[in-house]
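Right, one structure below, let's go through it.
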Amino acid sequence: MSVKAKALYTFLSENKEEISIQENEELVIFDENSVDGWFQGENSRGERGLFPASYVEIIRSRSNSNVTDCSISPAGSLGKDSSTPNTSLHYQQNDYDDDDYDDWDDWDDRSTVVEDADHTRSAGANGHAPQNPLSNNPNVHYRPKPASRQDSISSSRKGSMVGRNLNRFSSFVRSGVEAFVLGDVPMMAKIAESYTIDMSPLGPQWKENPRPFSCSIEDPTKQTKFKGIKTYISYRVTPSHTGHPVYRRYKHFDWLYNRLLHKFTVISVPHLPEKQATGRFEEDFIEKRKRRLILWMNHMTSHPVLSQYEGFEHFLMCADDKQWKLGKRRAEKDEMVGAHFMLTLQIPNEHQDLQDVEERVDNFKSFAKKMDDSVMQLTHVASELVRKHLGGFRKEFQRLGNAFQAISQAFTLDPPHRSDALNNAISHTGRTYENIGEMFAEQPKYDLFHMLDKLSLYQGLLANFPDIIHLQKGAFAKVKESQRMSDEGKMDQDEADGIRKRCRTVGFALQAEMSHFHQRREVDFKDMMQAYLREQIAFYQRVVQQLERTLRMYDCL
């Protein structure tokens with residue numbers, strides 16, 4: 001039965017099965033039961049197709065329901081406070097119900113994109129990739145207590161408070177870093193986890209994982225459940241430090257990804273491979289997703305902080321369904337997320353001038369913007385080259401081969417003067433160029449596809465940094481404001497010093513993340529370029545071998 005709905009956010013279609021919708025646009029949904037997180041319906045322009053279920057609100061009359069439809073993201077309700085008790089309870093209960101049902105429900109590619117006030121495809125609340133709207137469990141969100149600032153601010157001097165950012169959609173506010181810098185995050189009696197930042201000759205850097213490991217992702221296998229009604233792809237995931245494989249679906253990766261986004265405020269968590277509403281079981285798509293999951297996992301295991309996350313360990317090691325659910329809930333109740341994560345950081349004692357830090361951050365911002373532009377350019381050129389390999393180059397070599405074959409056939413039409421050896425050599429030349437055309441069509445899977453995979457990973461990493469840098473910029477602004485208020489006698493110097501100290505923590509963390517990015521960039525791009533050039537050399541050597549064998553056929557004429 002069709003129902004009316006309203007679009008909460010703008011969505012731009014990416015293939016012919018989808019349709020675009022605009023914010024506040026009236027829609028018709030043909031069936032309230034979404035399929036893999038997608039509704040099928042019609043927009044106001046009469047176009048019919050798929051659009052994300054999390055982007056719309058089903059319109060119900062008051063007599064039918066007093067509860068907002070569960071397809072709405074609580075973080076995306078721009079005009080309402082998503083932390084109200086009723087709403088929080090509603091989503092918390094949904095999470096648990098979903099978890100208890102068959103080790104997560106049947107979707108494999110649930111839509112997790114939400115949008116912010118700019119109504120574009122948005123970074124998440126902590127400056128990373130879009131988060132799952134149904135994962136906004138109140139247990140894993142920082143909720144500032146309305147009492148006094150327990151670690152630095154006297155309740156008797158309410159007038160001395162540094163002003164808060166009024167833009168609640170700012171990543172500085174949503175991430176909780178503003179609350180941390182201003183001292184609104186109370187110290188806990190016991191913090192079970194700790195992440196250390198060391199000072200190196202090149203600046204702050206994360207302390208290495210004392211137990212480094214790697215992880216393989218292999219054997220994507222199509223599986224079914226409920227007597228074949230539901231189908232999904234399972235991957236064999238094997239961490240090197242245990243050697244014991246576990247089997248994970250894409251949605252398990254998606255769950256881990258969202259936990260990481262909630263927890264690690266100042267870390268650039270790489271984006272997962274893209275989702276797809278249709279064609280999820282096509283061989284090329286499965287192979288592409290596997291390649292990109294491997295790159296995602298390699299980045300995860302190489303990161304000194306992400307690789308030590310308890311939820312990541314649970315993802316890699318838990319093979320028992322019951323224990324999986326218990327560990328999943330424990331991770332979702334983790335309190336050391338967002339602003340509280342900043343309390344786990346142990347920073348060096350070395351003094352850093354905040355102006356010098358700001359200059360380093362500005363330099364990295366300029367670098368990241370330039371690198372992002374160049375990665376986009378190389379992606380475009382490589383994608384165009386793939387298109388030519390699959391189409392233009394193959395066709396041109398086939399045309400050349402056909403032309404040689406035509407010459408050979410023409411030479412056979414005058415029997416007294418025909419030369420079988422020459423005709424055979426020319427005919428073989430034609431077949432050689434046809435084979436070379438096929439070789440060009442096959443080559444991207446050995447070099448260009450892998451280059452595009454690596455570039456896609458870095459596009460995601462670079463896309464995270466503007467919001468992460470914004471966290472530091474916001475912290476700088478609070479330091480400057482607090483110092484001005486202290487100079488004017490409107491704030492105790494101790495209070496201003498507390499804000500400066502907490503800003504140092506944010507600065508050290510951002511610089512450590514910048515340092516790790518540069519370290520990985522050098523390794524990854526060296527490997528990418530070497531692999532590409534090796535494959536190119538091997539490819540042209542195979543072409544030369546084909547041509548040399550063909551040339552030798554003319555030597556004995």
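The values are calculated or read from the model by the stated rules, or taken from the named source; none is laboratory data. Because the structure is a prediction, the values reported are computed rather than measured. Quick reminder, even Gly has a Cβ in these numbers, built from the backbone with ideal geometry, and neighbours come from all protein chains shown. Note: areas computed on protein heavy atoms with side chains; ligands, DNA, RNA excluded. Shrake-Rupley method; radii C 1.70, N 1.55, O 1.52, S 1.80 Å.
Do we have T379 as assigned by the TED database to the domain that holds M439 and of a type outside the set (D, E, K, R) here? When the stated conditions are applied, T379 passes them.
Between F449, F465, F440, the distinction of being assigned to a helix (DSSP H, G or I), aromatic (F, W, Y) and within 17 Å of the chain's Cα centre (by Cα) belongs to F465 only. Selection within region 314-354: residues that are basic (K, R) and not in a loop (DSSP other than H, G, I, E, B). The member of this set that is least open to solvent (accessible area, probe 1.4 Å) is K328.
Within this structure, R534 fails the test of being of a type outside the set (S, T, N, Q), open to solvent by less than 70 Å² (accessible area, probe 1.4 Å), part of a helix (DSSP H, G or I) and at pLDDT 95 or above.
When region 482-518 is examined, which residues are found to be touching a strand residue (DSSP E or B) at 6+ places or on another chain (Cβ under 9 Å) and among the acidic types (D, E)? Matches in region 482-518: E513 only. For region 217-242, the tally of residues that are small (G, A, S) and either open to solvent by less than 40 Å² (accessible area, probe 1.4 Å) or farther than 17 Å from L306 by Cα (or both) stands at 2. Across region 47-57, what is the number of residues that are assigned to a strand (DSSP E or B) and open to solvent by less than 40 Å² (accessible area, probe 1.4 Å)? So the answer is 5. Going by what's in this entry, would A496 be described as part of a helix (DSSP H, G or I), more than 30 Å from D198 (Cβ to Cβ) and small (G, A, S)? Considered against the rule, which asks whether it is part of a helix (DSSP H, G or I), more than 30 Å from D198 (Cβ to Cβ) and small (G, A, S), A496 comes out as no. Only one of the listed residues (E481, E442) is over 28 Å from L202 (Cβ atoms), free of Cβ contacts under 8 Å to residues at least 60 places away in the same chain and surrounded by fewer than 19 Cβ atoms within 10 Å (Cβ to Cβ). That residue is E442. If the condition is being at pLDDT 85 or above, open to solvent by 80 Å² or more (accessible area, probe 1.4 Å) and among the acidic types (D, E), then region 8-46 contributes only E26.
Among the residues of region 511-557, those identified as more than 28 Å from the chain's Cα centre (by Cα) and of a type in the set (S, T, Y) are Y540, T550, Y554. The selection criterion, being in contact with a His (Cβ under 6 Å, 6 or more places away or on another chain), closer than 21 Å to T265 by Cα and either not polar (S, T, N, Q) or not assigned by the TED database to the domain that holds S240 (or both), does not hold for V357. Against the test of being among the hydrophobic types (A, V, I, L, M, F, W, C) and surrounded by 18 or more Cβ atoms within 10 Å (Cβ to Cβ), the options M529, M451 yield a single qualifying residue, M451. Residues that are assigned to a loop (DSSP other than H, G, I, E, B), at pLDDT below 95, in the same structural domain as C215 (by the TED database) and open to solvent by less than 30 Å² (accessible area, probe 1.4 Å): does region 248-264 have at least one? Scanning region 248-264 turns up at least one residue that is assigned to a loop (DSSP other than H, G, I, E, B), at pLDDT below 95, in the same structural domain as C215 (by the TED database) and open to solvent by less than 30 Å² (accessible area, probe 1.4 Å).
Residues of region 410-437 that are of a type in the set (G, A, S) and under 47 Å from the mean Cα position of the chain (by Cα): G430, G437.
Has region 497-518 got any residue that is free of Cβ contacts under 8 Å to residues at least 60 places away in the same chain and open to solvent by less than 50 Å² (accessible area, probe 1.4 Å)? Looking through region 497-518, none of the residues is free of Cβ contacts under 8 Å to residues at least 60 places away in the same chain and open to solvent by less than 50 Å² (accessible area, probe 1.4 Å). Evaluation of K490 against the conditions (1) farther than 24 Å from T196 by Cβ; (2) buried (at least 20 other Cβ atoms within 10 Å of the Cβ) shows that the sole unmet condition is (2).
Summed over region 300-313, residues that are crowded, with 20+ Cβ neighbours inside 10 Å and under 14 Å from C215 (Cα atoms) total 5. Only one residue in A368, A410, A403 is exposed (fewer than 15 other Cβ atoms within 10 Å of the Cβ), part of a helix (DSSP H, G or I) and touching a residue at least 12 places away in the same chain (Cβ under 8 Å). Which one? Of A368, A410, A403, the one residue that is exposed (fewer than 15 other Cβ atoms within 10 Å of the Cβ), part of a helix (DSSP H, G or I) and touching a residue at least 12 places away in the same chain (Cβ under 8 Å) is A403.
Taken as a whole, the structure places S374 among residues that are farther than 30 Å from P186 by Cβ and under 27 Å from the mean Cα position of the chain (by Cα). Going by what's in this entry, would I469 be described as farther than 26 Å from Q536 by Cα, touching a helix residue (DSSP H, G or I) at 6+ places or on another chain (Cβ under 9 Å) and open to solvent by less than 10 Å² (accessible area, probe 1.4 Å)? Considered against the rule, which asks whether it is farther than 26 Å from Q536 by Cα, touching a helix residue (DSSP H, G or I) at 6+ places or on another chain (Cβ under 9 Å) and open to solvent by less than 10 Å² (accessible area, probe 1.4 Å), I469 comes out as yes. Just to be sure, is P201 open to solvent by 40 Å² or more (accessible area, probe 1.4 Å) and within 25 Å of V357 (Cα to Cα)? For P201, the condition - open to solvent by 40 Å² or more (accessible area, probe 1.4 Å) and within 25 Å of V357 (Cα to Cα) - is met.
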